[in-house]
Every structure is written in structure tokens, then in C-alpha cells.
Protein chains: 2
Amino acid sequence: MNLDPILSETLDAATKGYPLSGPALPISAIGAQRWSVLAGDLPLPLAVIRDSALAHNHAWMRDFTASTGVLLAPHGKTTMAPQIFAQQLAAGAWGITVANVHQLGLCVRFGVRRVLMANQLLGAAEVGAVIRLMEEHPDLEFHFLVDSQAQLAAIEKIAAPQKMSRKLTALVELGLPGGRTGARTFDEAIAVARVVAASKSVALSGLECYEGLQIIGDSGRDQIVVDGLMQRVHDLALACDREGLFAGPSIILTAGGSAAFDIVARDLPMKLSKPVLTILRSGCYVTHDSGFYNRMLEGVKSRSGTAWQSRPGLKPAIEVWSRVQSCPEPGLALLTMGKRDASFDLDMPIPGKRYRAGIDAAPQPVPASWKIANMNDQHAYLRFSADEAPQVGDLVGCGISHPCTTFDKWRALFTVDDDYRVTGAIRTFF
Amino acid sequence: MNLDPILSETLDAATKGYPLSGPALPISAIGAQRWSVLAGDLPLPLAVIRDSALAHNHAWMRDFTASTGVLLAPHGKTTMAPQIFAQQLAAGAWGITVANVHQLGLCVRFGVRRVLMANQLLGAAEVGAVIRLMEEHPDLEFHFLVDSQAQLAAIEKIAAPQKMSRKLTALVELGLPGGRTGARTFDEAIAVARVVAASKSVALSGLECYEGLQIIGDSGRDQIVVDGLMQRVHDLALACDREGLFAGPSIILTAGGSAAFDIVARDLPMKLSKPVLTILRSGCYVTHDSGFYNRMLEGVKSRSGTAWQSRPGLKPAIEVWSRVQSCPEPGLALLTMGKRDASFDLDMPIPGKRYRAGIDAAPQPVPASWKIANMNDQHAYLRFSADEAPQVGDLVGCGISHPCTTFDKWRALFTVDDDYRVTGAIRTFF
């Protein structure tokens, strides 16, 4: 990948979190400033990524996928940060997953050359851009989802008049009744596979499904649901293979969010008439979190045998720091962060650390009673028991639940060492 | 204001919503391209602002505040778009309100010279930046909130060693029991006002409160709650005035969100020993919405007399367009937008228009049964009755509920005329 355009980009105080009175600097120069979050060098609220936890998570997932033999195309929509994509590829990822053509374009711009789009391709601008990217970059491998004959017909209509030196490649999506996208039945799915295989513009490169929305954290039940879905993928793959519908030298089978990727890694691999590439698409593992995915990790570990249970799991790498701005009545403090700064869609942020300048040598764990009860646009409501009160001016570091919806609130997140000194900045592209 | 740095900024397909295969262009050149949303020139999802509705809302609020005699410092946190701030000031706004010092810095950078910060000031970086801005810009008028003696002491400690050619100016915040920030009682509030008035670094410039979180849309009850709060502001203002605590040639009294600003405009003005500047801080009026604030507008109109009831009210100016990507089972369609693209904190997006290329001459109203039931990060679940089904490929335009949390999902929102041709781009700074 080529990150130079990002590393040479100049940031200044127009970017949320950047030192208010600091000089404009290229991203490559930020680490050398040794800004201290705890000393108040950066304004709050501030989203930080802990380098040590991020590095741990890269290594953990590299080892996990290596131990199971599956490939990884981490979902880039989580971070939309090419700098993190580069780390993921350096840690052995096969490619990057995206959610739409805008995200594909960013991947290609910064040098990613294997991309899955875990979504249906549609639209004149979008199909045209994909064809252009495929023509401009003969080394680009790109697979998108098809789940209906209507979708394929729309693509063919747009593609027909265009000059294409190779076909587009698509995965048929198998869905779940009551679920999201994806053909609901074997009959519907194989019908779509047949029209793709017969298409002049599109070739069938494999099958896709997504189990993530079904996972509730009850391991016995989750296992049955995922097993069942993977079995349906196998049945469809065998039928498509038997009919010779798959084009290309290998067949892609892909599934896997961040909640039950271990079950997918165990169940999805299979033998077909050509080599099978089994690809997980987990995205949230990379920063992990302190909420939903941290709860789901217990299931992953318990299902993965003693070696993985005794080993440290994924570590929460992302924190949002803010300040106690008011303690207006017993049991209530207001923090200087809100819905613009931290995820609130799965859980409220989770207070983890506090720091009182001039008193604490390092951040301390917060008392057990501390909870974020609510957030407005720019405020968080911290509730606590009377004997565990913070003071006006204290810093509070919160973990978050659901990395995706914190990343998209920041144009740049600052990476920090274990002493909360800034080591760099990660640019996002939402 | 000086918008040249924004208008000369070059956008390209790295920005979500920008044409995928379009040339990089300065923002000032975008309108001349005449891109068509309906023709699919821009990828979806896409957030657009309708010029005609935006202009109507500017005029409506100008007339409303003029008719009541109050001033307006619209909350800039809603849009964080200096281009919209400039429109608001051109329409007669007294200044701009912000939520933190980062937002203050952006206002000053682009030329706003009257700023209220509807939040407590704290922190070495933040206080230092405010002092620097006040020194660099002698014409900058900036008022922040104080609600505790602890906060004032912290500011004084940071300010004491610094060279200041004038004092900072603060508003004492009066709060509500069970509410957010703000001194809870008269005694607490006047004690804070007295220490501010005695401060070497800070002068007392007025009083602030915020009624917006108390508004439920029951006009009788809302009126009683707001009346009560305004009465408490009056009592405190009279006491402070009697004690000579207010410095400066005039006294600021400010309140007012976007849900019940009419009650504030009627109740808050009062006579004191110096001229009183009564300032509303409504932010969401500027684009209005199709959900929460649209419901609240009914109360505003019903309370404001026949002239305002017969006149068209604020118009929803912001829409998020996406595409039907899949119709996988009866009654369900998936749209290509999600939590990264549209507000979901107060209500789900509200389907308003649909457009089928090649069939419809213009967007059509959607059937009554259409509802967004849920959103994931990148998908929306559209539910409908069987006889009112969309088709794969259809465009759907949704209104949103709560403008703030849609603006912060876009680095640029495109303005459109009534035919959905792009007339420009509005840059945001979140």
C-alpha cells in the first residue's frame, strides 16, 4: 500500500482533538511531538487508540486465523482507515472487505488490490466506477454480492455498452428468513447462481453469507444457528460446483463478523472441485471494544479450546477521554463528550479510568458504581454512588461498545503509548 | 466571514457522496457541474440539503425573531458548517453558539466574532486557547458558562500566570433539578455569580439556562415548565443586578433550543439596570427535520398566534437518499444507507420520496405503509404492505429526525435545487 498521501497530509486545529494552539503538522510529524493526553496537551473529548492493544489484536487474529487455516479480509467499514488496512495486510490479511463502492475506491487509491464488497452492487455511477477500476488496475481482484436476478439484470444493462477486458466477479449471497439481504432459499439462490454463471458481464466467483446479526452470546444456541447456515452454504456450493457454475481457478466461500468468527472458521471450510478460499470478514477485532464484542469474545474463547482460553484475548484498544465539567447534584457528573464523540447504539460508553492532574501519577481504575446513564449531543451523564464522586476537572477515560460507530465520529484518532503520549494519528475516510 | 479557504478546498471521490469517477474540484466549482442526484451522477447513500427549504427556514427564523425582538445565536454544533454560519449571520443572527473550544476556534478562523459557548470552560489547553484567541482578536466577543466555584477556581489557576489585556466573560448557568449542567438553586447560582464578579480573570456578562431537554410536546405542560425556569432566571438576574455583579455595558440572558424557542422568546426578555440582550440559541431550525423537531413545531405554531399558524412553518431541508438493494422477502426491502449515514438516535429515518429511473419524471410520495424499522451500520430495513412494494434499484429519499446526528456523519453535504441537481457542497468540521 501507499500511505504517503495520508502521512504527508497536514492536520491542524480544524480537526477535532488536535491541539488547539498547536502548529499545523503533517501526520508523519505528529508522533515526534510527544503530546501528553494526561497533561492536557490535546483538547477533550479525544478518541485514542492504544498502540499496545492494537498490536496485540493484530497478532492475536493472525495467530487465530493461521491456527484454523482460514483467510481474513477484515471489514474495512469499521475503521475506514487505510493506515489500519496496511497493518492488517502486513499481519497477513488476504484482502479488505468494504460496504460500498466509495469504500472500494479508497482501498484502491491507497493500494489494496484484493477487495470483497459485502453488499449488493447497483447503480450507474457505482457499476461504472467498478468497471473503470477493474480496467485501470488489472491486478485488482474485486468481488461483490448478488442476491436477485433483478439486481443482475440491472448490472448487465449498465455494463453491456461498456468496454470490459474482463468480467466482473460476484458472490451469490445466501440469506436467512427474517434476516437482512441474501436469497432466502436454496432454489432462489441457485437460480441466481445460474443466471450469474450465464452472464456476459459477470462471473460467479463464490458464495457469501453473514451470520453476525444472529449472534446473541448464548453459545449453545449461537452454534446451532451458525452450523445451520454454514450447512446451507455447503449444500449450495456443492450444487453450484456440480453444475460447473463457478468460474475462475478457485472458489471463494466467505462469512464471519466479529462475534462468532470461530464457528465460521471451523464450519465453513469444505472441499470442492477447485481450491476453496475460506475468508472471514471480521472487522471489529482490530480495536475490539469494552462492550458488545468484549462480551461475545467469551463465547469465542470458550468454544476454541484450552490453548485459546488460557491465552489473553483481544484487548479493547479504543478509548474516548473527556473531562468532568460539572457535578451539579449528588450522584451526577457531566462529562464533555456526547453522541458526536462516542458510540451509543449498542451500549453507552463504559467508564474505565480516571485521572486527576497533580494528584495521580497515572490513570486509576474507576469505582465500580460509575456508569454512563445517557448522552446528549455534547454531554454524557455519569452516575455514581455518593462516596465515589469525581471532581470538576477530573479526566475520565471510557471504553466503547461497537468500534464502527466511534470511528465514524472522528476524522483522526490519535494513537498513544501506555503513558498516553501521542505516537501518531490515524486518518479516517467516512 | 471569510469562506475562501473552504470554497477553494478541493474535494474528490475520497469524500463520501462525491461522484466516484468525477474530477477533483474546488468546492466553488461544484455547482456548475449540474450533477443530477436522480440520474445517479452521485453514489448513494447521499445526504442533500434542499436550497429552497434552507432559504425558507433562514427567512422564517429571521422574521420570527424580529417579531419578538429577541436576538439569535444559532447553535453551530448542529451543522458545524461555516458556510451555513455565514448564511445565518447574513440573515441577521447576532452570533454563533458552540459546544466547546474546538468549535470556537473554527468560528474564529472563518471570521465569526460573537460566540457563546453553551458549556463549561475547563482544561489547560482549552482555557489557554481562549485567552490566546481573545488576545489575537480584540474584536472577539466570547462568553462561556460557569456553574460551580470549583470550575471558576480551575480557570483562575490557569489564567493567573498569563498575560491578558482583558478579562474573559462568563454567563452563570442556572440548571434544573434532575437536569444537566447548571447550578440547581438560587443560592448556589448567586454564590457562583458573586465569585465570578469578584474574579481577577473573569467578568460576569449574564445568565444562561437551557429548557430544551424538558420539552415533551405537550404544550400546556411545556409552557408551565419553561415559564417556571424563565421566572427563576428573572429572580436571579434581578438579584445579580441589584448587587451590581454584571460587568460590561449590557447584560446577556440566553436560553432556547429548537423545540420551544417561542416560549423563551416571550418569557425571557426583562428590564434591568442596563440594556438586556435576550439571545436564543436554536440550532436545528436551519434545516429543520421530518421527525422530532417537526412534531415540536406544531406546539411552536399553536402557541404563536394566528399569523404564525396560517404561515408555512419551517420546512425539512435535509434528506438522505439511498437505493433499494434487495427485496428478499415479502414486506421487506434493504436500502443502501445505515447508521453511518443518517440519524437514528431519536427516530429512524422517515421515507418520503421514491424515484424509479426511466419511469418517474420526478420523485413521487411514498406509500403510507413504508417505514424504516431498523438500521445496521450500512443497511436500512424498509417495511411495507404487500401491495406497495418497491423494486430493486429504486431510489428512496428519507427525511431524518434530529439534524445534528446526520450532519456529523458527512464531511460534505450537497445542496440541491428542487429538481435534485447539485448546486454546491457544504463542508462540515466534526
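Of the candidates A:R383, A:R323, the single residue that is surrounded by fewer than 18 Cβ atoms within 10 Å (Cβ to Cβ), more than 26 Å from the chain's Cα centre (by Cα) and closer than 30 Å to B:G76 by Cβ is A:R383.
Only residues that are open to solvent by 20 Å² or more (accessible area, probe 1.4 Å) and more than 12 Å from chain A (Cβ to nearest Cβ) were counted across the stretch B:390-430, and they come to 5. The set of residues in the stretch B:374-389 that are within 14 Å of chain A (Cβ to nearest Cβ) and of a type outside the set (D, E, K, R) comprises B:N374, B:M375, B:N376, B:Q378, B:H379, B:A380, B:Y381, B:L382, B:A389.
For the stretch B:208-251, a tally of residues being of a type in the set (D, E), under 25 Å from the mean Cα position of the chain (by Cα) and either under 24 Å from B:K271 (Cβ atoms) or in a helix (DSSP H, G or I) (or both) returns 4.
Quick check: anything in the stretch A:327-343 within 14 Å of chain B (Cβ to nearest Cβ), of a type in the set (A, V, I, L, M, F, W, C), crowded, with 20+ Cβ neighbours inside 10 Å and not in a strand (DSSP E or B)? Yes: one or more hits.
I'd like to verify a number: residues in the stretch A:196-207 that are of a type in the set (S, T, Y) and more than 26 Å from the chain's Cα centre (by Cα), how many? Spell out how you get there, then give the answer.
Narrowing the stretch A:196-207 to residues of a type in the set (S, T, Y): A:199, A:201, A:205.
Next, from what is left, pick out any that are more than 26 Å from the chain's Cα centre (by Cα): A:199, A:201.
Selection size over the stretch A:196-207: 2.
Residues checked against (1) within 14 Å of chain A (Cβ to nearest Cβ); (2) aliphatic (A, V, I, L, M):
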position: B:P26; (1), (2): no, no
position: B:G31; (1), (2): no, no
position: B:P45; (1), (2): yes, no
position: B:I84; (1), (2): no, yes
position: B:C107; (1), (2): yes, no
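Each residue in the stretch A:164-177 was checked for being at pLDDT 95 or above and either more than 11 Å from chain B (Cβ to nearest Cβ) or more than 24 Å from the chain's Cα centre (by Cα) (or both), and 9 pass. Restricting the stretch A:178-192 to residues that are farther than 15 Å from A:Q120 by Cβ and at pLDDT 95 or above, the residue that is surrounded by the most Cβ atoms within 10 Å (Cβ to Cβ) is A:I190.
Of everything in the stretch A:2-19 that's within 18 Å of B:H102 (Cβ to Cβ) and touching a residue at least 60 places away in the same chain (Cβ under 8 Å), which residue is surrounded by the fewest Cβ atoms within 10 Å (Cβ to Cβ)?
Only one residue fits best here, namely A:T15.
For the stretch A:378-415, the set of residues classified as among the acidic types (D, E) and under 25 Å from B:E156 (Cα atoms) consists of A:D394 only.
Looking only at the stretch B:20-54, residues that are open to solvent by 60 Å² or more (accessible area, probe 1.4 Å) and not in a loop (DSSP other than H, G, I, E, B) come to 3 in all.
If you filter the stretch A:129-155 down to residues that are more than 12 Å from chain B (Cβ to nearest Cβ) and surrounded by fewer than 16 Cβ atoms within 10 Å (Cβ to Cβ), you find that the one that is farthest from B:G22 (Cα to Cα) is A:D139. Against the conditions (1) open to solvent by less than 10 Å² (accessible area, probe 1.4 Å); (2) modelled with pLDDT under 95, B:V115 satisfies every one except (2). Within the stretch A:353-373, the presence of a residue that is crowded, with 19+ Cβ neighbours inside 10 Å, within 12 Å of another protein chain (Cβ to nearest Cβ) and hydrophobic (A, V, I, L, M, F, W, C) is excluded. The listed residues are A:S199, A:S282, A:S290, and the only one of them that is in contact (Cβ under 8 Å) with a residue 12 or more places away in the chain, open to solvent by 10 Å² or more (accessible area, probe 1.4 Å) and either part of a strand (DSSP E or B) or among the hydroxyl-bearing types (S, T, Y) (or both) turns out to be A:S290.
All of (1) open to solvent by 50 Å² or more (accessible area, probe 1.4 Å); (2) modelled with pLDDT under 95; (3) in a loop (DSSP other than H, G, I, E, B) hold for B:A307 with one exception: (3).
Where in the stretch A:75-184 are there helices (runs of 4 or more DSSP H), lying fully within it, with 1 or more residues that are of a type in the set (S, T, N, Q)?
Details: elements: A:82-90, A:101-109, A:124-136, A:149-159.
In the stretch A:75-184, the matching helices (runs of 4 or more DSSP H) lie at A:82-90, A:101-109, A:149-159.
The values are calculated or read from the model by the stated rules, or taken from the named source; none is laboratory data. Every value quoted in this text rests on a predicted model; they were computed, and no experiment measured them. All Cβ positions, even for glycine, are placed from backbone atoms using ideal geometry, and neighbour counts span all protein chains on display. These area figures cover heavy atoms from the full protein model, side chains too; ligands, DNA and RNA do not enter into them. Shrake-Rupley method; radii C 1.70, N 1.55, O 1.52, S 1.80 Å.
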